[in-house]
2 protein chains.
Amino acid sequence: MADMKIVFLGTSAAIPTQRRGLSSIVIKREGELLIFDVGEGMQRNFLQAKLGINKKMKVFITHLHIDHCLGLLGFFQTMSLLGRTKKIDIYGEPRLREFLNENFRIINIGLSFEITIHIIDKEGIIINEQDYQVSCCRADHSVPAFSFCIKEHPRPGIFNIDKAIELSIPKGGMYRRLQNGEDVIVDGKLIKSNEIVGPKRRGRKIGISGDTRPSLKLRNFFDSCDILIFESTYNQDYQEKAIETFHSTSAEAALLAKESNSNKLILTHFSSRYSDATILLNEARTIHNDVDFAEDMKTFHIPYTE
Amino acid sequence: MADMKIVFLGTSAAIPTQRRGLSSIVIKREGELLIFDVGEGMQRNFLQAKLGINKKMKVFITHLHIDHCLGLLGFFQTMSLLGRTKKIDIYGEPRLREFLNENFRIINIGLSFEITIHIIDKEGIIINEQDYQVSCCRADHSVPAFSFCIKEHPRPGIFNIDKAIELSIPKGGMYRRLQNGEDVIVDGKLIKSNEIVGPKRRGRKIGISGDTRPSLKLRNFFDSCDILIFESTYNQDYQEKAIETFHSTSAEAALLAKESNSNKLILTHFSSRYSDATILLNEARTIHNDVDFAEDMKTFHIPYTE
């Protein structure tokens, strides 16, 4: 049972408002932080959220617009001043390396930890950890941009403890082996794992759109997300502006969430014209039955569905 | 009578806190904005302070530590998105040009206005406008750093209207010429300017330390400031740390303000360890009799002393 939550650190598009900082989303899973975009000012909310400056950390930059990546430099500096020692892996399009290296060269930040920059130049699985994988898909934006999915590997099925006792299986190593899918022999008798352990249960899947127009490709990529975090820069009144600037309306976000069979939609990345995102929420709720919207510092816990 | 005020947009050293953003000070004088440092997150307070995105503007970067300059890029982007058209003059040490140009090259910000970068490589007067001048002096910090003074040119003396009427001087052009120091002839009689107009009155002088140790050079540079804004990263308990990191304590700031005959001292740039700057204020008040401290969004109006 891995604890998993989403913390929004910045939810405004392009220009910060009194209430919303620039884009940044943290997914905290079992003590590890997966950070998607680091807009200017993110470090302030990061510190306030007490997410931990020396946690295992991977950072993903959806695209190199300044409101999605500028905060990286200050964030790295602050973690260095606070004594971070653990390496950070950071993922993004090729210019990310140039952006970081040129700024490190010009302004001596004095990092206290190692950074490994991983260039993303094609779609597919970019990380495969023991418990989960991260994959990326090209988004449809005005500059090279990626959307991401975190997908947990299937979890073991439910262990039928009553049956295990009934069959006199000794506790401990034998239980573990059965749980892991191995068949075992007890008193000369073969006991198959699937007699005791139910079918594997699916892990959770979280989608993160970054900045994008809706697309068929993304609809497929986000298939059956438990939670889909989708940009919703405008409401329908600004449909043309959404097309022109390669962004989405809340109606489009909701339609994509519905068509991809995503369980819950969280809207974020709101144009600074909306001091209150309720109009966007209401628009999306006419299309999808489980929609919420992000606020800076708002946390969503992610339950298992199976 | 030029209106002049100081608005603090960021008052924390190195790391932002819940209450304080990174360094930025605006001096608004007659509709023009003189901005000293643009730390990360400054644009948010700038917008909130409603200082105007298309005002005449000069920006000064005291030094190229990231907490003093990173916000430039987002600030420029936001003003572009909001339609600024007026050129900006920006002043700083040679690497400033590289910092801006490399970032403009890597991340297409799409500026809507022109920027002229002025490299500062020596001390002295860097701007001489009709009403004021700006001069700089080397600070004593861990990287090349400058302190700045804004000094208004002397204002005309007080016009003795009663005497002008008594001498039957016609209103209008004749008054203006006298006010500007010219002698005039009325009914064949010479009237000297100094019969009607008192001695010139001194303008205001504002000093801004940036990050620095106190120094004799700065004591002279800040001679007779109306307001001296001086960094006060630590209190006396951290004297050694102040020396080691090339910063000042509040006692040192107060002593320098006193010895430079500065009228009023405003402390800023507080280490994030101080959630309340009162300890720093109290320390400085034992040395100088007019001390205040900066808070984000706090405004100080600057009266004439003569």
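When A:Gly188, A:Gly181, A:Gly210 are screened for being of a type in the set (Gly, Ala, Ser), buried (at least 24 other Cβ atoms within 10 Å of the Cβ) and on the phi > 0 side of the Ramachandran plot, only A:Gly210 passes.
From the list B:Ser232, B:Ser209, pick out the single residue that is within 22 Å of B:Phe8 (Cβ to Cβ) and in contact with a helix residue (DSSP H, G or I) (Cβ under 6 Å, 6 or more places away or on another chain).
Checking each option against the conditions leaves just B:Ser232.
When A:Lys50, A:Lys56, A:Lys28 are checked against the criterion of being touching a strand residue (DSSP E or B) at 6+ places or on another chain (Cβ under 6 Å) and surrounded by fewer than 16 Cβ atoms within 10 Å (Cβ to Cβ), A:Lys56 stands alone in meeting it. Does at least one position in the stretch A:105-126 carry a residue that is among the aromatic types (Phe, Trp, Tyr), in contact with a helix residue (DSSP H, G or I) (Cβ under 9 Å, 6 or more places away or on another chain), under 24 Å from B:Pro16 (Cα atoms) and assigned by TED's automatic domain parsing to the domain that holds A:Leu9? Yes, the stretch A:105-126 contains at least one residue that is among the aromatic types (Phe, Trp, Tyr), in contact with a helix residue (DSSP H, G or I) (Cβ under 9 Å, 6 or more places away or on another chain), under 24 Å from B:Pro16 (Cα atoms) and assigned by TED's automatic domain parsing to the domain that holds A:Leu9. Can A:Ile169 be described as surrounded by 18 or more Cβ atoms within 10 Å (Cβ to Cβ), in a loop (DSSP other than H, G, I, E, B) and either aliphatic (A, V, I, L, M) or modelled with pLDDT under 90 (or both)? Against the criterion (surrounded by 18 or more Cβ atoms within 10 Å (Cβ to Cβ), in a loop (DSSP other than H, G, I, E, B) and either aliphatic (A, V, I, L, M) or modelled with pLDDT under 90 (or both)), A:Ile169 qualifies. When A:Ser250, A:Ser272 are checked against the criterion of being buried (at least 24 other Cβ atoms within 10 Å of the Cβ), of a type in the set (Ser, Thr, Tyr) and under 21 Å from A:Gly21 (Cβ atoms), a single residue qualifies: A:Ser250.
The residue that is farthest from B:Leu96 (Cα to Cα), among those in the stretch B:20-42 that are assigned to a loop (DSSP other than H, G, I, E, B) and at the interface with another protein chain (Cβ under 10 Å from one of its Cβ atoms), is B:Arg20.
Scan the stretch B:15-25 residue by residue and report those that are surrounded by fewer than 24 Cβ atoms within 10 Å (Cβ to Cβ) and either in contact with a Leu (Cβ under 7 Å, 6 or more places away or on another chain) or outside the structural domain of B:Tyr234 (by TED's automatic domain parsing) (or both).
The one that is surrounded by fewer than 24 Cβ atoms within 10 Å (Cβ to Cβ) and either in contact with a Leu (Cβ under 7 Å, 6 or more places away or on another chain) or outside the structural domain of B:Tyr234 (by TED's automatic domain parsing) (or both): B:Ile15.
Looking at the stretch B:48-65, is at least one residue in contact with a helix residue (DSSP H, G or I) (Cβ under 7 Å, 6 or more places away or on another chain), within 14 Å of chain A (Cβ to nearest Cβ) and part of a helix (DSSP H, G or I)? No, the stretch B:48-65 has no match at all.
Residue by residue, here is whether (1) farther than 20 Å from B:Glu102 by Cα; (2) modelled with pLDDT of 95 or more; (3) hydrophobic (A, V, I, L, M, F, W, C) holds:
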position: A:Phe76; (1), (2), (3): no, yes, yes
position: A:Met79; (1), (2), (3): yes, yes, yes
position: A:Leu82; (1), (2), (3): yes, yes, yes
position: A:Gly92; (1), (2), (3): no, yes, no
position: A:Arg97; (1), (2), (3): no, yes, no
position: A:Asn103; (1), (2), (3): no, yes, no
position: A:Gly110; (1), (2), (3): no, no, no
position: A:Ile115; (1), (2), (3): yes, yes, yes
position: A:Ile125; (1), (2), (3): yes, yes, yes
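Assess whether A:Asn45 counts as being in a loop (DSSP other than H, G, I, E, B) and more than 7 Å from chain B (Cβ to nearest Cβ). Here the answer is no, as A:Asn45 does not meet what is asked.
For beta carbons closer than 6 Å, sequence separation of 6+ or different chains, a first residue in the stretch A:80-106 that is within 12 Å of chain B (Cβ to nearest Cβ) and a second that is open to solvent by 40 Å² or more (accessible area, probe 1.4 Å) and part of a strand (DSSP E or B), the qualifying pairs are A:Pro94/A:Ile119.
Residue count for the stretch A:280-302 satisfying the condition of being surrounded by 14 or more Cβ atoms within 10 Å (Cβ to Cβ) and in a strand (DSSP E or B): 4.
The values are calculated or read from the model by the stated rules, or taken from the named source; none is laboratory data. Fair warning: this is a prediction, and the values are worked out from it, not measured in the lab. Ideal geometry is used to build each Cβ from the backbone, glycine not excepted, and the neighbour counts take in all protein chains shown. Only protein heavy atoms, including side chains, enter the accessible area calculation; ligands, DNA and RNA are left aside. Shrake-Rupley method; radii C 1.70, N 1.55, O 1.52, S 1.80 Å.
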